[in-house]
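So the structure is just underneath, and the comments pick up after that.
Each value in this text was obtained by applying a stated rule to the coordinates, not by laboratory testing. Everything numeric here is computed off the predicted structure, so don't read it as measured data. Cβ sites come from the backbone with ideal geometry, for glycine too, and all protein chains shown count toward neighbours.
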């Protein structure tokens, strides 16, 4: 869960110390908003699922090894987890792309374009959303790396916390937009 802190002015709040709660297979399968029952029953949990370090995750994301271009993300929202089935583009970007979620400018990994059907009637009509995401969903690890020191007196820990908070906001915004019913 996220803790909120009020700054010295008393006006702004920011998310600090976000921790994702452990999920079960049943919870994951029941969380999907844009997948059919067949697609959910066919999904394979990520390798090492039982050994995941939930304290270091802002969301759970993985590629399904049985289905080449299929991937899943489970995003913890206030009302409970939201599962999203994604499809990667057939071709990788021709130039180095920046992940829309972690926005890491020195990515140690590839970025792919993923699309997702919208939830409900919009998805059944074929409406979808797409975004650039780290190919293997490394965003949580990327935002936890020490950022480069920008100037003398730069607060590395505050910058890391801000990056973690921004990731949570962007991922939650994606899930809320996708799950919005007409």
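Results, tabulated for the structure shown:
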{"item": "The range 60-72, residues that are more than 14 Å from residue 27 (Cβ to Cβ) and touching a residue at least 12 places away in the same chain (Cβ under 8 Å)", "result": "61, 62, 63, 64, 65, 66, 67, 69, 70, 71"}
{"item": "Conditions (1) in a loop (DSSP other than H, G, I, E, B); (2) in contact with a strand residue (DSSP E or B) (Cβ under 7 Å, 6 or more places away or on another chain): number failed by residue 82", "result": "(1)"}
{"item": "Boolean, residue 162 is surrounded by 17 or more Cβ atoms within 10 Å (Cβ to Cβ), outside any loop (DSSP other than H, G, I, E, B) and in contact with a strand residue (DSSP E or B) (Cβ under 8 Å, 6 or more places away or on another chain)", "result": "no"}
{"item": "Scan of the range 125-154 for residues that are surrounded by 12 or more Cβ atoms within 10 Å (Cβ to Cβ), over 13 Å from the mean Cα position of the chain (by Cα) and part of a loop (DSSP other than H, G, I, E, B), ordered by number", "result": "127, 145, 147"}
